[in-house]
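Participant: The structure is given below, and queries will be raised subsequently.
Quick note: the coordinates plus some simple rules give every number you see, no bench work behind them. This one's a predicted model, so the numbers in the text were calculated from it and none came from an experiment. Here the Cβ positions follow ideal geometry from the backbone for every residue, glycine too, while neighbour counts run over all protein chains shown.
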Amino acid sequence: MPKISAQEYKTKIEPVWCPGCGDFGVLQAICNALSAKDVDPKNLVFASGIGCSGRLPPYVKSYGFHTVHGRVLPIATGIKVGNPNLTVVAVGGDGDAFAIGGGHIPHTARRNPDIKYIVMDNGTYGLTKGQGSPTSPLGKAYPGAPYGTTEIPLNPIAMSIAYDVSFVARAYSGKAKELAEIIMKAMDHRGFALIDVISPCITFYNTYKELPPQLAVIPETHDPRNRADAFKLALDGSKIYLGVFYQNERPTYESRLTGLSEKAEAASIPRLNEIMLDFT
Ligand SMILES: Cc1ncc(C[n+]2csc(CCOP(=O)(O)OP(=O)(O)O)c2C)c(N)n1
Ligand code: SF4
């Protein structure tokens with residue numbers, strides 16, 4: 001198969017995002033990474049939750065599943081278990097991932113399916129016109145919270161390290177080259193990879209000016225296998241670090257399931273239809 005260019009990974013469907021939305025940079029970085037990794041679109045699935053970011057799957061040449069709000073991780077896990085040969089990428093927003101869907105992160109981490117989760121984190125609920133989200137700063141006023149938010153924000157990186165997500169990284173949509181490199185590293189990782197991508201919502205929480213001075217690349221001396229050091233970087237409030245914080249290679253969910261049905265066969269556990277015969 002001839003190599004597909006990044007441009008060719010984009011479908012003809014025009015994104016409906018506002019001009020200047022950070023999600024354009026994420027889409028571009030995804031296509032750059034797919035092209036560099038030479039991923040066959042026939043073996044590629046994008047699954048998404050609901051939100052502006054959740055609209056991404058039809059924009060990429062792949063199979064796509066626009067699922068329900070907060071439920072992308074169980075669905076992506078099911079896709080991977082159903083066909084472990086597929087490259088499975090889950091996408092969505094910070095509301096989708098860390099509010100309604102937050103309960104799925106620890107259990108996906110425990111299972112460790114080989115799926116990649118790209119969270120487009122804009123600190124607001126964009127699609128529903130600007131409410132505070134789990135990553136909104138305390139006191140930030142939004143159209144949907146005119147007197148300012150009243151909750152302290154989550155730290156998605158520290159939370160993911162605490163849950164032992166096996167690959168944890170942060171990137172910025174405005175640095176598409178670096179973001180593509182992190183996506184490629186996540187693709188090389190065998191297991192559940194979560195990338196928290198700061199992706200500004202130009203319409204409801206425009207952080208394009210305030211962000212760049214706060215960003216810093218994780219020092220090259222950092223060893224992502226060192227969980228304590230990863231926590232230190234994640235909790236360092238003086239900077240917003242970009243790069244791979246934590247990586248813990250371990251068996252994937254699908255590899256642990258291998259041979260399970262044969263074991264059940266060998267144990268001659270009655271099949272459901274045989275059990276049902278007792279009731280007919
Ligand atoms: C069960 C359910 N509850 C609420 C909604 C309404 N809803 C749609 S998208 C969304 C939040 C989107 O915010 P986020 O996940 O951060 O994505 P963004 O739009 O910012 O990309 C909400 C609350 C819904 N669709 N389904
Ligand atoms: S509302 Fe915000 S997140 Fe949604 S498309 Fe517009 S800029 Fe992007």
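Participant: Starting from 0.36 nm per residue, how many nanometres of slack lie between Asn226 and Asn206 once their C-alpha separation is accounted for?
Facilitator: Result for the pair: 3.8 nm of gain on full extension.
Participant: Which residues among the range 183-199 fall inside the zone where the amide N is under 20 Å from a point 7 Å beyond the Cα of Asp38, along Cα→Cβ?
Facilitator: Within reach of a label on Asp38, which here means backbone N under 20 Å from a point 7 Å along Cα→Cβ, the range 183-199 contributes 183-190.
Participant: Can you pull a Stokes-Einstein diffusion coefficient for the range 117-165 at 37 °C (0.692 mPa s), Rh from Kirkwood over Cα pairs, as a whole number of µm²/s?
Facilitator: Once the numbers are plugged in, D ends up at 284 µm²/s.
Participant: Evaluate the relative contact order of the chain (contact order divided by residue number), counting alpha-carbon pairs under 8 angstrom at least 6 apart; express in whole percent.
Facilitator: Relative contact order here is 18 percent.
Participant: When only C-alpha pairs under 8 Å and at least 6 residues apart count, what is the relative contact order of the range 154-271, in percent?
Facilitator: 33 percent
Participant: So how far, in whole Å, is the C-alpha centre of the range 1-54 from the one of the range 158-234?
Facilitator: Value for the Cα centre distance between the two parts: 19 Å.
Participant: From the Cα gyration tensor of the range 39-187, with a ≥ b ≥ c the square roots of its eigenvalues, which class applies: rounded if a/c is under 1.5, or else prolate if a/b is larger than b/c, or else oblate?
Facilitator: Cα axes put the range 39-187 in the prolate bin.
Participant: For the range 123-280, compute Rh as the Kirkwood radius over C-alpha pairs and then the Stokes-Einstein diffusion coefficient at 4 °C and 1.567 mPa s; write the answer in µm²/s, rounded to an integer.
Facilitator: After rounding, the answer is 69 µm²/s.
Participant: P(r) for the range 189-280, please, calculated from all Cα pair distances in 5 Å bins and given in %.
Facilitator: 2, 10, 13, 13, 11, 9, 8, 6, 6, 6, 6, 6, 3, 1, 0
Participant: Roughly what % antiparallel, to the nearest 5, for the DSSP beta bridges in the chain? Intermediate values should be presented prior to the final figure.
Facilitator: On the way: 9 of 39 bridges.
If we restrict to bridges inside the chain, about 25 percent are antiparallel.
Participant: Another question, then. For the chain, report the convex hull volume of the alpha-carbon atoms normalised per residue, in Å³, without decimals.
Facilitator: 169 Å³
Participant: Sort 233-243, 115-125 by the packing proxy (mean of other Cβ within 10 Å over each peptide's residues), most packed first.
Facilitator: Packing order, densest peptide first, comes out as 115-125, 233-243.
Participant: Then there's this: Report, largest value first, the span of the C-alpha coordinates of the range 33-123 along each principal axis, in whole Å.
Facilitator: 33, 27, 20
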